[in-house]
1. May I ask you to sort B:Arg155, B:Arg131 by Cβ crowding, counting other Cβ atoms within 10 Å and putting the fewest first?
2. Shielding by partners for A:174-184, please: the mean number of other protein chain Cβ atoms within 10 Å of each residue's Cβ.
3. Using Cα springs under 10 Å in a Gaussian network model of chain B, which residue among B:Leu118, B:Leu54, B:Leu171 shows the largest mean-square fluctuation?
4. Where Lys and Arg each count +1 and Asp and Glu each count -1, what net charge lies around A:Val211 among other residues with Cβ under 11 Å from its Cβ?
5. Taking Cα centroids, how far is the stretch B:167-217 from the stretch B:53-113 in Å?
6. What area, in nm² and to one decimal, does the C-alpha convex hull of chain A cast on average over all directions?
7. If you average 1/r across every pair of different Cα atoms in the stretch B:59-135 and take the reciprocal, what Kirkwood value do you get, in Å?
8. What is the sum of charges, Lys and Arg at +1 and Asp and Glu at -1, for the other residues whose Cβ falls under 12 Å from the Cβ of B:Arg248?
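Just so it is clear, none of the values below were taken in a lab; they were calculated from the coordinates. The structure presented is a predicted model; accordingly, all values stated were derived computationally and were not measured. Methodologically, a virtual Cβ is constructed for each residue, glycine included, from the backbone with ideal geometry; neighbour enumeration extends over all protein chains shown.
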Amino acid sequence: MSSATSSTQAGADRPGKKNLLFGLSNTLVYRLLSIVAVFGIWEIAGRIPISVAFPTFGETMQALFEMTLDGRMVHAYGETLKPLATGVIISGVFGVVIGVGMGLNRLFQWMWEPIFIVLQASPVAALIPLITYAYGIGLTAKTVAVIMLAAPIIVLNTYKAVRNASPSLIQMSRSFQGTRMQEIWKVIIPSAAPIIFAGLRLGVAAGFIGVILAELLITPTGLGDLISYHRSIAEYPQMYAAVFSIIVFSAVMVGFLENVEVKYFRPEKKKGL
Amino acid sequence: MASAAAAPAYKGTTETSKDNIVEVRNISKTYGTDIHALDAINLAFPTGQMTTLLGPSGCGKTTLLKIIAGLLEPSDGQVFVHGRPVTGPGPERAFVFQDFALLPWATVLRNVGFGLELTKHPKSEREEKARHYINEVGLAGFEDKYPHELSGGMRQRVGLARAMAVDADVLLMDEPFSAVDEQTRRKFQEDLLHLLSVERKTVIFVTHSIEEAVYVSDQIVLLSPRPGRIHATIRPDISRDISPDDIRRNKTYLDTVEEIWTDLRKYLD
């Protein structure tokens, strides 16, 4: 065992130096390069221009800056976040609970699986008129649209993650006299966590699609209103600023979920392979 | 040496049931209607000895081990541990898994203490025990590593330490070295024998390696395939006082390996 000890000690000395580039961590440099490249291409495409309706990156950032300063952006997010946050939280909490239940219990699976498979397969945009018929044009209808897009992804991912939790780890827990509850909390859920969180990330992203769809198709409020209003009066930088901001916001949320996963469920990923 | 060579390598078991910590009575296992994995197995495992279940793949040796562990229900028959019938996993038996079955999100320290965690031992006690056995299996200094940072051989040492930490009388080992390379396997076998001479455990060991079975065992049970039946029980007459390298060159050792091979090869055609 002495040889193994010395090799890991040698390994422990290295990472500090090896992974740095221009004084920044290696991965950070490459991520920044990727972002700069995309914005650069956007700027060039806007300058050519590829379409009169396509503003440059600079113009869009300027519009974003102005709209943030005069409070329009803040107001729009206040409106959009209501159905979005409600819908995503409901989908996240109930979606994971229903998905875990489906993974653990066949009866529960048979009861819920058809609903969510149908929902996942259906084009939700086509169902939005049906939502307005049932729930009107207010906050409820928009929340329902978010849930219809986010929940099936979260439920089905969670269910499959739980169902496919390592059988050998479950057997290990039983052999050391783990109870069913210990087996679920200490083995199945942590084992399923990476796929559950992948589902949550996809679900949250789908929720963003749902809320924008609802705000464009039901009644224009919040960000949907900003997008459709600025498009109608041909203020393309403002329109793209609204679209850009929602993408950034969505990406930040997805990144946040990833941190939660690593911090609370899978600490071994923090160290990296 | 000459007298050892003259002694027969095959001997019958003569123990009385009092000396047998685990007894398997009339165990059969069928999967569905047509797959007959085990057929009327009767076996006794003497206290403090190492018994190997040896046989070609498909002979039901892992099935038998998991029935003894209480992880599988037999179709017929009963297993007795300390004279009491087995209805499920119990504290007097600990399992070492072929694929290690370590929690990837837990450190070596938590993995080794996981058996104690499940039986609700206080944290300080289980960490103290875990540290002791991490040390025993030669992994001191790796307490805070995660399984993916360890080699295959080291991972199985964690699996062994976890089984030792719950202080069971019987260790059930399911091909523990099959996922480990040959050099590590030899070192591990030597370390295991040394550890067992200190800890006084009864071990039931499943393997498909004849050399491994003869090297580590006090008693070898040969199983025939489909349906699994006991073909022979062998007690290699090799002194455990000689060094590992001498055992591997010992004539009785080599003869026993050869006899088992001659015996088993007919199942391979």
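1. Working: B:Arg155 22, B:Arg131 17.
By the 10 Å Cβ count, ascending, the order reads B:Arg131, B:Arg155.
2. Details: counts 7, 18, 17, 11, 6, 3, 0, 0, 4, 1, 0.
Mean partner shielding for this stretch: 6.
3. Looking only at B:Leu118, B:Leu54, B:Leu171, the biggest GNM fluctuation is shown by B:Leu118.
4. Charge balance near A:Val211 sits at 0.
5. Going from one Cα centre to the other spans 15 Å.
6. Numbers: hull surface 81.1 nm².
So the Cα hull casts an average projection of 20.3 nm².
7. Values: mean 1/r = 0.0697 Å⁻¹.
After inverting the pairwise mean of 1/r, the radius is 14.4 Å.
8. On the way: positive: B:Arg186, B:Arg249, B:Lys251; negative: B:Glu190, B:Glu211, B:Glu212, B:Asp245, B:Asp246.
Around B:Arg248, the surrounding residues sum to -2.
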